[in-house]
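Input: a single structure, listed below in structure tokens.
The values are calculated or read from the model by the stated rules, or taken from the named source; none is laboratory data. This one's a predicted model, so the numbers in the text were calculated from it and none came from an experiment. All Cβ positions, glycine included, derive from the backbone under ideal geometry; neighbour counts span all protein chains shown. Heads up: the accessible areas ignore ligands, DNA and RNA and are worked out on the full protein's heavy atoms, side chains in. Shrake-Rupley method; radii C 1.70, N 1.55, O 1.52, S 1.80 Å.
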Amino acid sequence: MQLHDFPLSGNCYKVRLFLGLIGQRAEVLHVDLPGGAQKRPEFLAINPRGQVPVLVDQGQAVADSQAILVYLARRHAPDWLPEDALQQAYIASWLSYAANEVHQGPATARVIQLFRRPGDLEGAQAKGRQVLELVNAHLAERAWLVGEQPSIADVAVYPYLAMAEEGGLPLATYPHLDAWFARIRALPGYVELPRL
């Protein structure tokens, strides 16, 4: 397997984290995003969207971090995506939440603040606070986002919440998030968060 990756990307980190948690290896290929490598013809031939991460396995490219998590779970770690229809629906809902609300809130605030990109920082931070409050409340009575053990839902949502302070979103008032972060960090094979 090859992972086309940018080290500071939370979406790429999701894949590196999950590979670590399930004990799978991949050759990590750095994509120079600041240099525009993702828009060059050789990369667009792998992913016409011009985005990372992309996982190439057995000659097939899978783009989008959520899709890659589903692929890896189905292929190598089915316990992380149970067969139960209701649990799959709940996990799919969290994957969608990671791609939408988490992206528009904590992830966007981080990009604007950390990388000095243009954008509405206050709006992203407001959305980010809503995300942090919702997930913190959800975790008040459970250890994991779905079911009794970690799933790819946890892997999808964790990175940008754990890095929320890099977007100007303090985490001190979210004790259930803090406890969840600690549970994830204690998992065998955990991979450290990317830092600038």
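Scanning the chain for trypsin sites (Lys or Arg not before Pro) in DSSP loops with at most 15 neighbouring Cβ atoms within 10 Å leaves 50-115 as the longest stretch between them. Legend: Rg and Dmax of region 138-183, from Cα coordinates, 10.6, 32 Å.
Between the C-alpha center of region 117-192 and that of region 21-42 there is a gap of 25 Å. Subtracting the Cα-Cα distance of Arg75 and Val191 from 0.36 nm times their residue separation leaves 39.7 nm of extension gain.
Ligands, DNA and RNA excluded, the heavy atoms of Asp32 present near 70 Å² of accessible surface to a 1.4 Å solvent probe.
Across region 138-151, coupling constants 3J(HN,Hα) worked out from phi with the 6.51/-1.76/1.60 Karplus curve, θ = phi - 60°, read 4, 7, 4, 10, 8, 7, 10, 4, 9, x, 9, 9, x, 9 Hz, and Gly and Pro carry x. For the chain, with all protein chains in place and a probe radius of 1.4 Å, 51% of the accessible heavy-atom surface sits on carbon or sulfur. When Ile68, Ile46 are compared by accessible area at a 1.4 angstrom probe, the order from most to least is Ile46, Ile68.
With helices as the sole contributors, the chain gives -14000 deg cm²/dmol at 222 nm; each DSSP H run of n ≥ 4 counts as -39500 (n - 2.57), and the sum is divided by every residue. Any idea what diffusion coefficient region 80-135 gets from Stokes-Einstein, in µm²/s, Kirkwood Rh on alpha carbon pairs, 37 °C, 0.692 mPa s? This corresponds to a translational diffusion coefficient of 269 µm²/s. Sorting Phe115, Phe6, Phe181 by accessible area puts them as Phe115, Phe6, Phe181; the probe is 1.4 Å, largest comes first, and only protein heavy atoms count. Free of any GluC sites (Glu not before Pro) that DSSP assigns to a loop and that have at most 16 other C-beta atoms within 10 Å, the longest stretch within the chain is 1-82. Full extension of the chain between Gln58 and Leu44 gives 3.2 nm of extra length, using 0.36 nm per residue less the Cα-Cα distance. Accessible surface calculations at 1.4 Å, restricted to protein heavy atoms, place region 92-148 at 54 Å² per residue. Under a 5 Å amide H cut-off, with hydrogens placed 1.01 Å from N, Val28 pairs with Leu3 among residues at least 5 apart or on other chains.
Dividing the radius of gyration of the alpha carbons in the chain by their Kirkwood radius gives 0.95 for Rg/Rh. The mean sequence distance of close C-alpha pairs (under 8 Å, at least 6 residues apart), as a share of the length of region 1-128, puts its relative contact order at 19 percent.
Positive contributions from Lys and Arg (+1) and negative ones from Asp and Glu (-1), summed over other residues with Cβ under 11 Å from the Cβ of Leu17, come out at +1.
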